[in-house]
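Some notes on the structure that comes next.
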Amino acid sequence: MIPSLRLSPLSFATFVSAIVFTAISGSRCNAQSTFTKAEAVDQAVQAEIKEQQIVGVAIGVIRNGKIVYTQGYGSADVEAQKPVTENSVFNWASNSKPLIAVAALQLVQTQQLDLDSPISTYLPELPSALQPLTTRQLLCHQSGIPHYSNGKIVPAETIPTEAEQLDPRQAIKRFIRSPLIFSPGTKYEYSSHAYVLLSAVVQAAGKEPLELQLRERIIEPLGMSSFQLDVAYQQQTDWVRGYTRLLGFTKQVPDQAHFWKHGAGGYKSNIKGFARFAIALANCELLSEETTQQMWTPQTLKDGKKTSYGLGVVVGGQGQQLKISHNGAQDETKTQMDLYPASKHGVVVMSNSANCDPGRISKAVRRAID
C-alpha cells in the first residue's frame with residue numbers, strides 16, 4: 001500500500017516550517033558563499049512553499065552564465081524524514097524535451113539528420129501516415145500526433161516489454177498506429193508522443209543507442225553525474241517521493257516509471273545537473289551559436305502564423321527581453337527552466353509536489369535577486 005500523509009490545513013503550516021528549517025540548516029554548507037542574495041532567495045522560496053503548500057523543492061540560480069546558488073527546501077521523503085538537498089533527484093518531466101532537442105540539433109550540425117526530410121529516411125518501418133512527418137514538425141509540435149487525451153491512441157498489435165521499451169524504437173509502439181489529429185504543419189498542438197518518436201529518430205540517425213549518444217555528447221561533457229533514466233522506483237539513492245494535495249490533505253502519490261518516454265519526459269537528475277544543462281544552453285556549449293539561434297526561433301505554421309514554440313523550447317520576447325523556457329509536469333513532479341540569453345541569467349526549479357506552480361517560484365526568486 002502507498003503510504004499517505006494526512007495533514008489538516010492548519011497543521012500544514014507547522015509541517016512546512018519544520019521541514020524548511022531542517023533542509024536549509026542541513027545543506028547551508030553546500031551553498032555558494034559568495035552569493036549575497038541567498039537569504040532573500042531563501043525567504044522568497046519559503047513564502048511560496050507556505051502559500052502553495054508544497055512538500056519539497058530545489059532551486060538553482062544562474063547569473064552571468066554561471067551557477068551561483070543551489071538549494072533544497074522541505075522534504076524529499078516525509079515518511080523517511082529526508083530533507084531536500086542539492087543532491088536530491090527529481091524527474092525532469094517535459095524539461096526532458098529541450099535535452100533531446102539538443103541531441104537532434106547536434107546531428108543536424110554533423111549532417112546526420114535533416115530537419116525537413118521525411119523521418120522515414122531514418123525509420124523506414126513507420127506506418128504510412130507517419131512517414132511524411134519531418135523532424136522539425138516533431139520538434140515544434142506541429143506533427144499532428146496526439147498527446148495523451150486529445151486524440152485516439154492506438155498501439156501496435158504487440159506491445160513490447162518494459163525492458164524492450166528502454167529502446168525508443170520499441171517504445172513508440174505504445175502509440176504507433178494512432179491517427180493524426182490534424183494535417184502536419186497546419187496547427188500547433190503539444191505532443192509528448194511526438195517527442196518519443198523524436199527520440200527514436202535521434203537514435204536511428206545517430207546510429208548508436210540513444211543512451212550512449214546522450215552520454216557522449218551531453219551528459220559526460222557537462223559532468224551531469226546524477227543524470228539518469230526514470231526507471232521503476234527501488235529506493236534509489238537520493239530519489240525524492242512525490243506528493244499532491246487532495247481534498248485539503250497532502251498525500252503521497254504512487255511512483256510511475258516514465259523511462260519509456262525518453263526525451264519526452266523520461267529523464268531525471270538533481271538540481272545541479274538540471275542547472276548545468278540550462279547553463280550549457282545559455283552559453284552555447286552544446287550547439288553552435290547559429291544552431292542555438294535556430295533552436296530559439298519561434299516556428300511558423302504553413303499559413304505563416306508564428307507560434308511561441310521554437311525547436312524544443314518556449315520562446316518569449318525578443319532582443320534584450322528574449323526568454324527561453326520550458327516547464328514539466330507529472331504526478332510526482334513539477335519543473336521549470338527560465339533563461340534570459342541577453343544577460344545569461346536564469347532560474348531552474350524542481351518540486352516533488354504535483355500542486356506546485358514552479359513558474360511562481362522562479363518569478364519569486366528573480367524578484368528577490370533583482
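The values are calculated or read from the model by the stated rules, or taken from the named source; none is laboratory data. Remember, predicted model here, so these are calculated numbers, not experimental data. Please note: Cβ atoms are built from the backbone with ideal geometry, for glycine as well, and neighbour counts cover all protein chains shown.
Test LYS334 against the stated conditions and say whether it is modelled with pLDDT of 95 or more and closer than 17 Å to VAL240 by Cα. Against the criterion (modelled with pLDDT of 95 or more and closer than 17 Å to VAL240 by Cα), LYS334 qualifies.
For segment 161-206, taking the residues that are in a loop (DSSP other than H, G, I, E, B) and among the small types (Gly, Ala, Ser), the one that is surrounded by the fewest Cβ atoms within 10 Å (Cβ to Cβ) is identified as ALA163.
Taking the criterion of being touching a residue at least 60 places away in the same chain (Cβ under 8 Å), touching a strand residue (DSSP E or B) at 6+ places or on another chain (Cβ under 8 Å) and under 20 Å from LEU99 (Cβ atoms), the only residue of segment 290-307 that qualifies is GLN299. When residues in segment 308-320 are screened for being without any contact (Cβ under 8 Å) to a residue 24 or more places away in the chain and in contact with a His (Cβ under 8 Å, 6 or more places away or on another chain), 1 of them pass. For segment 14-61, the set of residues classified as modelled with pLDDT under 95, hydrophobic (A, V, I, L, M, F, W, C) and assigned to a loop (DSSP other than H, G, I, E, B) consists of ALA31, PHE35, listed by residue number. Scanning segment 254-305 for residues that are out of contact with any Asp or Glu (no Cβ under 7 Å at 6 or more places or on another chain) and assigned to a strand (DSSP E or B), we see that the one that is surrounded by the fewest Cβ atoms within 10 Å (Cβ to Cβ) is THR300.
To keep it simple, each residue is scored yes or no on (1) at pLDDT 95 or above; (2) aromatic (Phe, Trp, Tyr); (3) buried (at least 17 other Cβ atoms within 10 Å of the Cβ); (4) closer than 23 Å to GLN256 by Cα.
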residue: SER88; (1), (2), (3), (4): yes, no, yes, yes
residue: ALA93; (1), (2), (3), (4): yes, no, yes, yes
residue: ALA103; (1), (2), (3), (4): yes, no, yes, no
residue: SER117; (1), (2), (3), (4): yes, no, no, no
residue: LEU130; (1), (2), (3), (4): yes, no, yes, no
residue: ARG136; (1), (2), (3), (4): yes, no, yes, no
residue: PRO146; (1), (2), (3), (4): yes, no, yes, yes
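Write out, first by first residue and then by second, each pair whose Cβ atoms fall under 7 Å of each other, whose residues are 6+ apart or on separate chains, and whose first residue, in segment 239-256, is at positive phi while the second is modelled with pLDDT under 95 and outside any strand (DSSP E or B). Every condition considered, the pairs that remain are GLY248/PRO9. Inside segment 136-149, residues that are under 21 Å from the mean Cα position of the chain (by Cα) and in a loop (DSSP other than H, G, I, E, B) make up a count of 9.
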